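Working notes, beginning with the structure itself.
The values are calculated or read from the model by the stated rules, or taken from the named source; none is laboratory data. As the structure is a computational prediction, the values presented were derived from the model and not from experiment. Neighbour counts run over all protein chains shown; Cβ positions are idealised from the backbone, glycine included.
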Amino acid sequence: MDINKPIKRALFSLTDQAGVLDFARQLISLGWEIIATKETSSLLKENNIEAKDFSDFFKIDDSYPFPPTLHPKLEAALTANSENAIDLVYITTYPLTSGNDVGGHTILALAAKGNKIPVSKKEDMHYVIQCLQKNNNCLPEEIKNTLVKKTYAKIAKHYLQLQYKSENLDDLAVIVGKKLKQLSWGENPYQVPADLFKTSGQDSLALPNFEQVAGGSPCYTNIADFDSILKTIGLAAETFFHHYRKQPFIAIAAKHGNPCGLAIDWRFPEVAVEKALFGNPVAIFGGEVITNFEITEFLAEKLYQSEKLKEKYGRLTWCLDLIAAPNFADGAVKILKQRKKIKLFKNKNLTNPQLEKSKWFYRMMRGGFLRQPQASYILDLNELDRKQLNSNSEILDSLIIAFAAAWTSSHGGNEIAIAKDGALLSCAGGPSTVEACQTAVSRAKQHNHDLKNSIFTADSFFPFTDGPGELAGAGCQFGLVPAGGKYFEKIKNYFDEKNVKMIYLPENIRGFCRH
């Protein structure tokens, strides 16, 4: 850990004086010298805390019609090798309702420029002092860098407030990213240039934090699809952990970011891979695979080619375009690279996939963008449903699989997913719920999946009994659907008559995504 030289001098210029007496006493006990603007200096002296007035310290005798805090001597103290060097500034700026605090923001900017310690929040000041006390009156370099980044963000938001004439920071949303790389093309080949940007944040599973270990530059669609299946495996893994306090081996085979196969096994990863690939083996041509386990040479062979695939569909190789995993064995990379178009990405944190934890989700639209909280619902069963399911873990496993698939797929709305024996049998959507149910059943039968005693989930309520009729008639014995709709009681009675055991989620819990 890099440690700065001991900090000796701090400048206080505060609109909000809360906590300043304790902060000053703690810094002085560490051997610091405090310089403060007039109001803060007076407060400190009234409480018998030694502090030098800003003008006295810098020997500023001239009279100005404004506070002298932007004097060139202060700039020298923050950005040059001055005998009056200041190592930390603690500035709380006043709100726009009181005016444009050019001075406070400029001092923070000068401190950041001069590689000093800029602090603008009481919470951060408290943390800085704690660090100084623990680190022999020195501050770790990474903490200072974090404070500098916070300073730049604060300054940027201040001037955006001025630009948009908004007094409330909550009325502004700023999305800033740094270009990470140019992609091979956009959503369509003519959409060039296409670029991948990285935003700030500590998400270890953010896509820019994956290392590409094979393949050429991905295109826009590769990254967009990758992002979608990352959400699916995160939702599945967190839901399994919520119910079992552990997670199984999970494999997802997808096309356009929609899971065509999603399978688990508690003992053997190769079983999960096999089931996932054969969920819809036709659809995943040119698709994506993501796992929460390392791809060994043995698994790479299964992901590259299959005699069973050749026997049933006349094609030996899977022709996958993207695979993401925690790691790839060297031999596995060599096997998978036989597919010229393949891109391999690894991130060790995929052994524990999780949903994105940032507060907001943004969607660009013409003339602006939409904002809403992240979709973060993890299936949480009540005591009665949990007791009913825990007696049969195979049903619970399949229910979680169908839930994760329906809640993260986008086949056109009204998503229906069907699973059985720890594997997804089909997932479909449509302009109407009944069409989505018909398509889901048809897709499963097309690949000779046995729907008897299967489990379904729906991401929204059933408006009529026609969709439930398709599912019950196909052999589904268990289902999960949000409550609601004009005919909710009629739907419940229908499933009871058909002996389909049901879980009804609260009306406000739905699984819409990618609108």
When you check Ala173 against the structure, is it on the phi < 0 side of the Ramachandran plot, modelled with pLDDT of 95 or more and either hydrophobic (A, V, I, L, M, F, W, C) or within 19 Å of the chain's Cα centre (by Cα) (or both), yes or no? no
Before we move on, is Leu344 of a type outside the set (Gly, Ala, Ser), in a strand (DSSP E or B) and assigned by TED's automatic domain parsing to the domain that holds Val500? no
So Lys59, is it more than 36 Å from the chain's Cα centre (by Cα) and among the basic types (Lys, Arg): yes
Restricting attention to region 300-331, which residues are in a helix (DSSP H, G or I), closer than 13 Å to Val273 by Cα and not hydrophobic (A, V, I, L, M, F, W, C)? Glu301, Lys302, Tyr304
Being surrounded by fewer than 18 Cβ atoms within 10 Å (Cβ to Cβ), aromatic (Phe, Trp, Tyr) and either closer than 25 Å to Gln163 by Cβ or in contact with a strand residue (DSSP E or B) (Cβ under 7 Å, 6 or more places away or on another chain) (or both) is the requirement here; does Tyr94 meet it? yes
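Name the residues in region 36-69 that are acidic (Asp, Glu) and touching a residue at least 12 places away in the same chain (Cβ under 8 Å), would you? Steps first, please.
Taking region 36-69 and keeping what is acidic (Asp, Glu), we get 39, 46, 50, 53, 56, 61-62.
Matches in region 36-69: Glu39, Glu50, Asp53.
The rows are residues; the columns are (1) within 25 Å of Asn145 (Cβ to Cβ); (2) part of a loop (DSSP other than H, G, I, E, B).
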| residue | (1), (2) |
| --- | --- |
| Leu21 | no, no |
| Glu39 | no, no |
| Asn48 | no, yes |
| Leu78 | yes, no |
| Ile86 | yes, yes |
| Thr97 | no, no |
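Considering Lys246, Lys231, which residue is assigned to a loop (DSSP other than H, G, I, E, B), modelled with pLDDT of 95 or more, over 30 Å from Thr97 (Cα atoms) and among the basic types (Lys, Arg)?
Result: Lys246 is the single residue among Lys246, Lys231 that is assigned to a loop (DSSP other than H, G, I, E, B), modelled with pLDDT of 95 or more, over 30 Å from Thr97 (Cα atoms) and among the basic types (Lys, Arg).
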In region 484-497, the residues that are surrounded by 16 or more Cβ atoms within 10 Å (Cβ to Cβ) and either aromatic (Phe, Trp, Tyr) or in contact with a helix residue (DSSP H, G or I) (Cβ under 9 Å, 6 or more places away or on another chain) (or both): Gly485, Phe488, Ile491, Tyr494, Phe495
Residues within region 345-384 that are farther than 23 Å from Gln247 by Cβ and among the β-branched types (Val, Ile, Thr), tallied: 0
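Residue by residue, here is whether (1) on the phi > 0 side of the Ramachandran plot; (2) among the hydrophobic types (A, V, I, L, M, F, W, C); (3) buried (at least 21 other Cβ atoms within 10 Å of the Cβ); (4) in a strand (DSSP E or B) holds:
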residue: Ala254; (1), (2), (3), (4): no, yes, yes, yes
residue: Gly261; (1), (2), (3), (4): no, no, yes, yes
residue: Ile264; (1), (2), (3), (4): no, yes, yes, yes
residue: Val271; (1), (2), (3), (4): no, yes, no, no
residue: Gly279; (1), (2), (3), (4): no, no, yes, no
residue: Phe293; (1), (2), (3), (4): no, yes, no, no
residue: Phe298; (1), (2), (3), (4): no, yes, no, no
Filter result for the condition that a residue is over 19 Å from Ala18 (Cβ atoms) and in contact with a Phe, Trp or Tyr (Cβ under 6 Å, 6 or more places away or on another chain), over Lys149, Lys73, Lys157, Lys113: Lys73
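Would you please name the residue that is nearest to Ile418 (Cα to Cα), looking only at residues in region 475-506 that are in a loop (DSSP other than H, G, I, E, B) and of a type in the set (A, V, I, L, M, F, W, C)?
Taking region 475-506 first, the residues in a loop (DSSP other than H, G, I, E, B) are 475, 483-487, 498-500, 506.
Subsequent filtering for residues that are of a type in the set (A, V, I, L, M, F, W, C) retains 483, 500.
Numbers: Ala483: 19, Val500: 14 Å.
Ranking the qualifying residues of region 475-506, first place goes to Val500.
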Looking at region 190-219, I want the residues that are surrounded by 12 or more Cβ atoms within 10 Å (Cβ to Cβ) and have a partner that is among the hydroxyl-bearing types (Ser, Thr, Tyr) with Cβ atoms under 6 Å, at least 6 apart or on another chain. Which pairs are those? Ala194/Tyr220; Ser217/Ser184; Cys219/Ser184
Within region 113-127, can one find any residue that is buried (at least 19 other Cβ atoms within 10 Å of the Cβ), out of contact with any strand residue (DSSP E or B) (no Cβ under 6 Å at 6 or more places or on another chain) and over 14 Å from Ser13 (Cα atoms)? yes
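Pick from Arg371, Arg363: which is in contact with a His (Cβ under 9 Å, 6 or more places away or on another chain), outside the structural domain of Pro208 (by TED's automatic domain parsing) and modelled with pLDDT under 95? So that I can check it myself, show each step before the final result.
On the way: Arg371 fails: in contact with a His (Cβ under 9 Å, 6 or more places away or on another chain).
One residue alone meets the criteria, Arg363.
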